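As structure tokens, the structure follows; a few thoughts come after it.
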Amino acid sequence: MKIKKNDNVIVTAGKDKGKTGKVTQVFPAQKKVVVAGVNVRYRHLKPRRQNEKGQRLEYNAPLDAAKVMLVDPKTGQPTRVGYKILPSGEKVRVAKKSGEII
């Protein structure tokens, strides 16, 4: 999976299309990512004890990794990700649009 935690991504499909956010969690086995402020869901909780109020908890549900693209650090546009091996032997991710190291 080419998207990692703390990457800035833009949503390319679905109800949140066009929104950007930071990746907070990655699930490589399911090919899903959690993006802050995107795909917001609610969990309704009943009161468990007497004199306790019910709650509505808000959380960010996982999103399919195919629906997000990395934001190019140079242009701010969505871009694909490639890899490059530096002369030092280090393998780094590269934005396909600008060639900038991510």
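The values are calculated or read from the model by the stated rules, or taken from the named source; none is laboratory data. Nothing here was measured: the structure is a model prediction, and the numbers come from that model. Neighbour counts run over all protein chains shown; Cβ positions are idealised from the backbone, glycine included.
Among the basic types (Lys, Arg), touching a residue at least 12 places away in the same chain (Cβ under 8 Å) and not assigned by TED's automatic domain parsing to the domain that holds Lys5, is that true of Arg41? Please lay out each step first, then the result.
Working: among the basic types (Lys, Arg): yes; touching a residue at least 12 places away in the same chain (Cβ under 8 Å): yes; not assigned by TED's automatic domain parsing to the domain that holds Lys5: no.
Judged against the criteria, Arg41 is not a match.
Report every pair of residues separated by at least 6 positions or lying on different chains whose Cβ atoms are under 9 Å apart, first residue within segment 81-102 and of a type in the set (Phe, Trp, Tyr), second part of a strand (DSSP E or B) and surrounded by 10 or more Cβ atoms within 10 Å (Cβ to Cβ).
Tyr83/Val92; Tyr83/Arg93; Tyr83/Val94
Given the structure, is Gly37 out of contact with any helix residue (DSSP H, G or I) (no Cβ under 7 Å at 6 or more places or on another chain), closer than 22 Å to Ser98 by Cβ and surrounded by 12 or more Cβ atoms within 10 Å (Cβ to Cβ)?
The answer is no for Gly37.
Among the residues that make up segment 58-72, is at least one of them without any contact (Cβ under 8 Å) to a residue 24 or more places away in the chain and either touching an Asp or Glu at 6+ places or on another chain (Cβ under 8 Å) or not polar (S, T, N, Q) (or both)?
yes
Can you list the strands (runs of 3 or more DSSP E) lying wholly within the chain that have 1 or more residues being more than 11 Å from the chain's Cα centre (by Cα)?
40-45, 55-60, 81-85, 91-95
Would it be correct to say that Ala36 is in contact with a Gly (Cβ under 7 Å, 6 or more places away or on another chain) and closer than 23 Å to Pro73 by Cα?
Considered against the rule, which asks whether it is in contact with a Gly (Cβ under 7 Å, 6 or more places away or on another chain) and closer than 23 Å to Pro73 by Cα, Ala36 comes out as yes.
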